[in-house]
Amino acid sequence: MSDVQTGSSLESVSATTLAKTATDAFTDALPKAELHLHIEGSITPERLMKLADANKVTLPYDSEADLLAAYDFKDLQSFLDLYYLGASVLQTEEDFYAMTRDYLEVCRAQKILHTEIGFDPQAHTDRGIDFDVVMSGITQAMRDARSEWGQSSLLLMNLLRHLPVESALNTIDQAERYGDAIIAVGLDSAELPFPPEPFAPAFERARALGWHSVAHAGEEGPPAYIWSALNTLKVDRIDHGVRSDEDPELIAHLKEHQVPLTVCPLSNVRLRVIDHMRDHNILRMLDDGVMVTANSDDPTYFGGFLNENYSALSTDLGMTNQQAIQLAHNSFQASFLDAAQKQVFANRLDAFVAQHLAE
Ligand code: ADE
Ligand code: ZN
């Protein structure tokens, strides 16, 4: 495994301690960032049912228990069908605010010092909700969390790949006036059979506006989609990318250019991308020197927020303290924060390690 690049604090930690399986007490308190999170996939079942009731949205579920029973997915599409239905309960600025605030409170509780929140505007504008209603609710919650407890967050606008590129371009037109309030565009929704290439004009436009970019690729789709996201869309990060290891040349490229993969372990198991957590390749790729990070994707649908993902890695893959620290370090490194802000968070991570693991 490549050396952990977290500064001098690790010198005070013995090799034996670093090689031990990380405890939940350690990873729960570990300062970390989350880089792959769909805000619509963080809505709690309680809030979903409450908003359905308040907004008179008819759902095929009579109770929260009924709804929860439907959280049993056979693939990405079966999840997306429920995800878009769930998103339909969001109607007002207050609804978007409340959902975003709920997630940011989780960040506070889980030591997620920085988060990059993805949202799907087309899932809302396509059913008649104003783009500005969505933006106002989400960004107000982000501002409040920053001023109330110093929560760091950035906003990432995902484009739906099952819709035509014209819809993506139209969405960018609506978003343009928000400028810096958006840090990046992404590409999500059904990966198969929607390769990245047709979205090149949208990503070119986003780049011209000064936005970074990411794309879901190699979740259900083949390594060719990851190459295409990198070479055609010119993205800075790959969301998921767990199928990268089917292509040694791709792995070599990811390592050489330190392209971040925002991997989501619980999501991969829930969507049957990977049969069992003990088969997950995240730590193998990490040890091989790929810039991987751990994330929750759609936490309320997949059985856990970020700390539950770290916990599953310890339980089922024996993640060591060193690997957990490397994942946390990568999470800040792979973020869209500027260099000075990354350093501030890396220093906090170092200080935490020195305090908690030094003998
Ligand atoms: N939208 C929300 N979650 C997603 C996922 N895991 N893959 C693709 N699109 C998504
Ligand atoms: Zn995702």
*Express in nm, to one decimal, how much length is gained between Asp75 and Glu46 on full extension, taking 0.36 nm for each residue of separation and deducting their alpha carbon distance.*
8.0 nm
_C-alpha long axis of helix 321-333 to longest principal axis of the chain, angle in °_ = 50 degrees
*Highest to lowest packing among 109-119, 266-276, scored as the average C-beta count within 10 Å*: 109-119, 266-276
*Residue-count net charge about Asn268 - beta-carbon cut-off 11 Å; Lys, Arg +1, Asp, Glu -1*: -2
*By the scheme Lys and Arg +1, Asp and Glu -1, what is the net charge of all other residues having a beta-carbon under 13 Å from that of Glu256?*
-1
*Roughly speaking, to the nearest percent, how much of the chain's 1.4 Å accessible area is carbon and sulfur?*
50 percent
*Subtract the Cα-Cα distance of Asp287 and Gln343 from 0.36 nm times their separation in residues, and report this length gain in nm to one decimal.*
17.9 nm
*For every other residue with a beta carbon closer than 12 angstrom to the beta carbon of Thr115, add +1 if it is Lys or Arg and -1 if Asp or Glu, then tell me the sum.*
+1
*Where does helix 93-109 land angle-wise versus the long Cα axis of the chain, in degrees 0 to 90, nearest 10?*
10 degrees
*Okay, helix-only estimate at 222 nm for the chain: each DSSP H run of n ≥ 4 adds -39500 (n - 2.57), divide by all residues, round to 500 deg cm²/dmol; what do you get?*
-14000 deg cm²/dmol
*Please tell me which of these pairs span more than 18 angstrom C-alpha to C-alpha: Lys32/Lys234; Lys234/Lys342; Lys32/Lys342?*
Lys32/Lys234; Lys234/Lys342
*May I ask for the distance between the Cα centers of segment 298-359 and segment 38-113, given as a whole number of Å?*
26 Å
*Mean 1/r over all different Cα pairs, inverted: what Kirkwood radius does the chain give, in Å?*
20.5 Å
*For helix 248-257, report the angle its Cα long axis makes with the longest principal axis of the Cα atoms of the chain; keep it between 0 and 90° and round to the nearest 10°.*
80 degrees
*So which aspartates and glutamates can Lys50 reach, going by Cα to Cα under 18 Å and dropping same-chain residues fewer than 8 places off?*
Glu40, Asp62, Glu64, Asp66, Glu93, Glu94, Asp95, Asp102
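The values are calculated or read from the model by the stated rules, or taken from the named source; none is laboratory data. Since we're looking at a predicted model, the values are computed, not measured. No Cβ is skipped: glycine too gets one built from the backbone with ideal geometry, and neighbour counts run over all protein chains shown. Accessible surface is based on the protein model in full, side chains and every heavy atom, while ligands, DNA and RNA are left aside. Shrake-Rupley method; radii C 1.70, N 1.55, O 1.52, S 1.80 Å.
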